[in-house]
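For reference, the structure discussed in these notes is given below.
The values are calculated or read from the model by the stated rules, or taken from the named source; none is laboratory data. As the structure is a prediction and not an experimental result, all values here were calculated from the model. Heads up, the Cβs are rebuilt from the backbone with ideal geometry, glycines too, and the neighbour counts pull from every protein chain shown. Note: accessible area is taken over every heavy atom of the protein model, side chains too, but ligands, DNA and RNA are not part of it. Shrake-Rupley method; radii C 1.70, N 1.55, O 1.52, S 1.80 Å.
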Amino acid sequence: MFSSIYNTVYLLSFIKLGCSMIKYIPQAWLNYQRKSTTGWSIHNIMLDFTGGTLSFAQLILDAIRSGNVTEALGNPVKFGMGLASIGFDLVFLTQHFVLYTDRYDPQDIEAQVRCQSVPSTYGSTDSSDVSTF
C-alpha cells in the first residue's frame, strides 16, 4: 500500500518537473520576439534564482554532511528543479540586463500622457508655457 502511494507521488514529482521546465519557455520566447522585457518584474526572477541557488546549496551540504557525493543526485527532481530554475533565470537576467535594456513600452499610454502634461518651464507666469489638462 505504502509503496504504491510513494510511487505515485514520485511520478507526480517528475510531472511537476516537466511542467516547471515548460513554463519558462513561452516567456523567454516572447522576450526574444519582442526584443524587450517590458511588462514583467525582474524581482521575481531574482527571487527564483536565489531559491534555485539555495536548493543546490542544500543538496551539496547534505552530500558533504553524509560523506556521500551521490546523495547530491539522490533527489533527481530537486536537482532538476534547481538546474532548470537557475538556467532559465540566467537567460532572463541576461535578456533584461544585457540584451534588451530599453525599457520603453510604446503601448504604455500613461507614461506618454505624463510626459506631455509636464510644464516646459517651472515657475513661469506666462500661460503659454504651461500645458492645459
Listed by first then second residue, the pairs whose first member lies in region 56-79 and is within 20 Å of Ser20 (Cβ to Cβ), whose partner is open to solvent by 50 Å² or more (accessible area, probe 1.4 Å) and in a loop (DSSP other than H, G, I, E, B), with beta carbons under 8 Å and at least 6 positions apart or on separate chains, are Leu59/Asn75
Considering residues that are surrounded by 14 or more Cβ atoms within 10 Å (Cβ to Cβ) and of a type in the set (Lys, Arg), the number found within region 38-90 is 1
Per the filter on region 11-21, residues touching a residue at least 12 places away in the same chain (Cβ under 8 Å) and open to solvent by 90 Å² or more (accessible area, probe 1.4 Å) are Lys16
